[in-house]
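Chemist: Mind looking over this structure? Questions follow.
The values are calculated or read from the model by the stated rules, or taken from the named source; none is laboratory data. In this text the structure is predicted, and so the values were computed from the model without any measurement. Note that each Cβ is placed from the backbone with ideal geometry, even for glycine, and that neighbours are counted across all protein chains shown.
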């Protein structure tokens, strides 16, 4: 692709590094920004810079947050006896959009994948166990819901966590498999995902 300007070429090169955006789409976006007021580009640039510099990760559940502890973990109307374990942050957003779940979350930031060199120590599994092992008086966990991908890696992670949770003698459930095998939560429609949460079943590592 030939560009009339090195500035355009550089902008297209950077924009196309974003997932799902090719060179042609990046060019359309760059040309669109050129047609807008300069303040539009400045606001976009400042919001991205602020995102990278100021975003925090909740010190309890590892979700993204504007403060040290996220609004979900500090919410007064949350059922603190429930913890839903998810692979990553988009899964929290997907489940929240169903309006079918009012407990807390725990973000693993990945799943166990020996092929990719990701073991249990690279994930937020130990902090999950610490939350259950040393709860606040009002946060004694009664159930852990495993809402992980219906993939080999997701199942391996669920199995590992379930074995680790056996010592605590709490209920471990998994969302119903209305989610297609190999499917990712963030791409599942809200009705199916909501029903999967509501019809979750006990998880067994035996």
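Chemist: Looking at the range 44-67, which of its residues are surrounded by 12 or more Cβ atoms within 10 Å (Cβ to Cβ) and part of a loop (DSSP other than H, G, I, E, B)? First the steps, then the outcome.
Modeler: The first filter runs over the range 44-67 and keeps only residues surrounded by 12 or more Cβ atoms within 10 Å (Cβ to Cβ), leaving 44, 56-65.
Within the range 44-67, 58, 59, 60, 61, 62, 63 qualify.
Chemist: Among the residues of the range 110-117, are any at pLDDT 95 or above and closer than 24 Å to residue 55 by Cα?
Modeler: Yes, the range 110-117 contains at least one residue that is at pLDDT 95 or above and closer than 24 Å to residue 55 by Cα.
Chemist: Next up: Read through the list (1) surrounded by 12 or more Cβ atoms within 10 Å (Cβ to Cβ); (2) at pLDDT below 75; (3) closer than 17 Å to residue 105 by Cβ; (4) more than 21 Å from the chain's Cα centre (by Cα), then give the number of the only condition that residue 205 fails.
Modeler: (3)
Chemist: Give the number of residues within the range 190-202 that are assigned to a loop (DSSP other than H, G, I, E, B) and modelled with pLDDT of 70 or more. Walk me through how you get there before you give the answer.
Modeler: Going residue by residue through the range 190-202, those that are assigned to a loop (DSSP other than H, G, I, E, B) are 199-200.
Now restrict to residues that are modelled with pLDDT of 70 or more: 200.
Final tally of qualifying residues: 1.
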